[in-house]
Structure formats: structure tokens, C-alpha cells
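The values are calculated or read from the model by the stated rules, or taken from the named source; none is laboratory data. Just so it is clear, the model here is predicted, and its values are computed rather than measured. As a convention, Cβ positions derive from the backbone with ideal geometry for all residues, glycine included, and neighbour counts pool all protein chains shown. The accessibility values were calculated without ligands, DNA or RNA, using every heavy atom of the protein model including side chains. Shrake-Rupley method; radii C 1.70, N 1.55, O 1.52, S 1.80 Å.
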Amino acid sequence: NYHHFDVSSTLSCLSRYKRILIVGDSVQRGLFWNMIGLLKGIEMGDEVPSNVRYRMVDNLAGVEKSFTNVQDQEFIVTKDNNLMFSVRFVYAAHVTDFSGRCEAVSAWFFQCPEPLDSVLIRVLSEARERKNIHYDALYVNVGMWDWRTGVSVRMFERNTLGALKGKAKEYFSEIPKRIWRDTTAAYPSKFAWPKECKHSKIRDDSRPCNIH
């Protein structure tokens, strides 16, 4: 019930970070839209100041999209026409690129979306160099595509370290608050370990761990 939602503390909390960037898969996209629905709902409450305004911006408006899963939208909240905070969501698939990634994806999906580290480099470099925008908080959560493509836990760990220490670090290391997660409700509680993959009876699947 939006009327029982603590509006003032929510506005105060998000305002501390000013600009928030969320990068993730379709699970995080769902959470993003749930949050936006909640924030839009509080607009109906009496405790919301009349000088507070909400708007949604599609950062890809007018841009030809080659992927169905591409999404880059931003929820902006202003007070007296001054920015209180914004929450931006950008879609990303695997944690990083790897040999045979798109071929593995093609077995169950018709596109090969951009991986996380590539998204971070593109979004943050554009924000810094073209728009002079600086983010105060970054929340990242990917893994569903890695799991679905059959990436083993060791390979996922190696890829994650590569993404953290690679070129993207030059950009996200500037963000004061960084939250990096690699678990979602979209897949089982753990990746399969190598010995579990070896016991798979599926032999005509070239994915690193084909039991997924």
C-alpha cells in the first residue's frame, strides 16, 4: 500500500546519493520497475511535497535498437526544478565476453547482448566525457546469462575478476559507493562445480558446463 510507505525517509535516503546507476539483467530490470512503481505510487500520498516532480527518461529514445533486451532508462526526481536524485537502469548480459559466448547463446536465444564490462565502459565514459555526469552509487548484479549459457563457477569467478580489474575499472573506481553482487533469484543457489559438469550425460553440447 503506497499510502503506508515512508515517503520522507525514502526521498532522504536516495537524495544522499544523487545519481544512482543500476546495471543488470532482466531480474534487476524487474526490480528496477518495481521500485519505480513504488516511487510513482507515493506521488499520491499527502506527505509528498507539491514542489517534488517525477519523470522517466528513455536514454535510447530515437536510437535504433538492434537488441530486444537493450534498455537504458532513468527515473529523475526534482524539487523546485533542482535534481534531488535519479535512478538509471542499463541492461547487461554476461559479466564479460569470452570465447564462444555468442555461439553458446545462439543455442537458446537469437541475440547476443552486450556484456557488463563493455556496458560500464560505454555508459560511464559517455557520462564523464560528454555530459560531465558523475554517479555517486553503482549497483551491479549479473549472472543469469552466465548460468544459462553454462559458464562454470570457476570460469564465472575468473570472468568476474577480469571485469573488475579490466578497463572498466578506470571508470567505475571513481564512484564512491559500489555494490557488486553475483546472485539473483533467477537461478539455483550455486553454479555447478567442475566435477558435476563432468558427470553430465549431455555430450553434444559445447558449453563449458552443459548441465545448465
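Computed quantities for the displayed model
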quantity: Residues within the stretch 108-122 that are modelled with pLDDT of 80 or more and not charged (D, E, K, R), tallied; calculated: 8
quantity: Hits in the stretch 27-52 (condition: at pLDDT 65 or above and crowded, with 16+ Cβ neighbours inside 10 Å); calculated: 27, 28, 29, 31, 32, 35, 36, 39
quantity: Filter result (among the polar types (S, T, N, Q) and more than 22 Å from the chain's Cα centre (by Cα)) within the stretch 75-95; calculated: 78, 81, 82
quantity: Residue 19 touching a Ser or Thr at 6+ places or on another chain (Cβ under 7 Å), at pLDDT 75 or above and within 16 Å of residue 74 (Cβ to Cβ); calculated: yes
quantity: When residues of the stretch 103-148 are limited to those that are among the β-branched types (Val, Ile, Thr), farther than 15 Å from residue 88 by Cα and out of contact with any Cys (no Cβ under 8 Å at 6 or more places or on another chain), the one most open to solvent (accessible area, probe 1.4 Å); calculated: 121
quantity: Matching entry among 55, 88 (being modelled with pLDDT of 85 or more, closer than 22 Å to residue 17 by Cβ and either part of a loop (DSSP other than H, G, I, E, B) or open to solvent by 50 Å² or more (accessible area, probe 1.4 Å) (or both)); calculated: 55
